Amino acid sequence: METPATPSGLVIRDALAADAGVIMRLIRALAVYEKLEHEVVATEESMRDALFTRPAKAHALLCEIGGKAVGFAVWFYNFSTFLGRPGMYLEDLYVEPEFRKRGIGAAVFKHLAARAVKEGCGRFEWAVLNWNEPAIKFYERMGSVAMSEWHVRRLSGNNLKKLAA
């Protein structure tokens, strides 16, 4: 994979509970980019509860340059019955626009891939919006494969509550 060199001074670190406000700022920025800001109902408190109480429901990384958060990633573990092993699912990756095309996204993928391999994961998966051509091309350059035979399905809101009743 040919990617830009990792920026000098980039720090990728596990997020801390004290970072919940920064994570929410970046989530809102991602939602604006994806034209989905109307769907954000998460709060600092809900993110703190999901990411930093035990057991954690998900995990987060922050990307910092000069002590400033310029990106984040949130992921969680899933499981493949066919492989009999856990997998890693990247829920979100976002890099501030002025810091894109500098190798930060590639560095995050490398970091998470190394973690997945170290932890015995058999897969590393994520979804991408079909209109996001820059991201799709980036993922293809990394060697990822589109899973065209699979379609994502979702139950949420009232439909989820109705089924659960």
* Asked: Under 5 Å between amide H atoms, partner at least 5 residues away or on a different chain: which partners does Asp92 have, H built in plane at 1.01 Å?
  -> Val74
* Asked: For the stretch 76-165, what is one quarter of the convex hull surface built on the Cα atoms, given in nm²?
  -> 8.0 nm²
* **Estimated distance in nm for a label pair at Lys110 and Arg25, the labels positioned 7 Å out from Cα along Cα-to-Cβ** => 2.7 nm
* To do: Would you mind telling me which residue in Ala113, Ala56, Ala73 has the biggest mean-square fluctuation in a Gaussian network model of the chain, where springs connect alpha carbons within a distance under 10 angstrom?
  => Ala56
* To do: Can you find, among Gly87, Val41, Trp131, the residue farthest towards the positive end of the dipole of the stretch 10-164? Put +1 on the C-beta of Lys and Arg, -1 on that of Asp and Glu.
  => Gly87
* To do: Calculate how many DSSP beta bridges within the chain are antiparallel, expressed in % of all such bridges and rounded to the nearest 5.
  => 85 percent
* Asked: Put a dot 7 Å past each Cα toward the Cβ at Trp150 and Glu45; how far apart are the dots in nm?
  -> 3.5 nm
* Structure fact -> Which of Glu91, Glu140, Glu44 fluctuates most in a GNM of the chain (C-alpha springs under 10 Å)? That residue is Glu140
* Please find, in a Gaussian network model of the chain (springs between Cα atoms separated by less than 10 Å), the residue of Ile27, Ile104, Ile65 whose mean-square fluctuation is greatest. => Ile65
* Hey, any idea what Rg/Rh is for the chain, computing Rh the Kirkwood way over Cα pairs? -> 0.95
* Size of the dipole of the chain about the Cα centre, Lys and Arg at +1 and Asp and Glu at -1 on the beta carbon, nothing else charged, in debye to 20? -> 280 debye
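For the pairs Lys68/Lys137; Lys68/Lys101; Lys57/Lys101, flag any whose C-alpha to C-alpha distance is greater than 23 Å.
Check vs 23 Å cut-off fails for Lys68/Lys137; Lys57/Lys101.
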* To do: Give the calculated FRET efficiency between Glu133 and Leu83 to the nearest 0.05, with a Förster radius of 35 Å applied to their Cβ-Cβ distance.
  => 0.70
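Laboratory data are not the source of any read-out in this text; all were calculated from the coordinates shown. If you're wondering where the values come from, they're calculated on a predicted model, not measured in any experiment. No Cβ is skipped: glycine too gets one built from the backbone with ideal geometry, and neighbour counts run over all protein chains shown.
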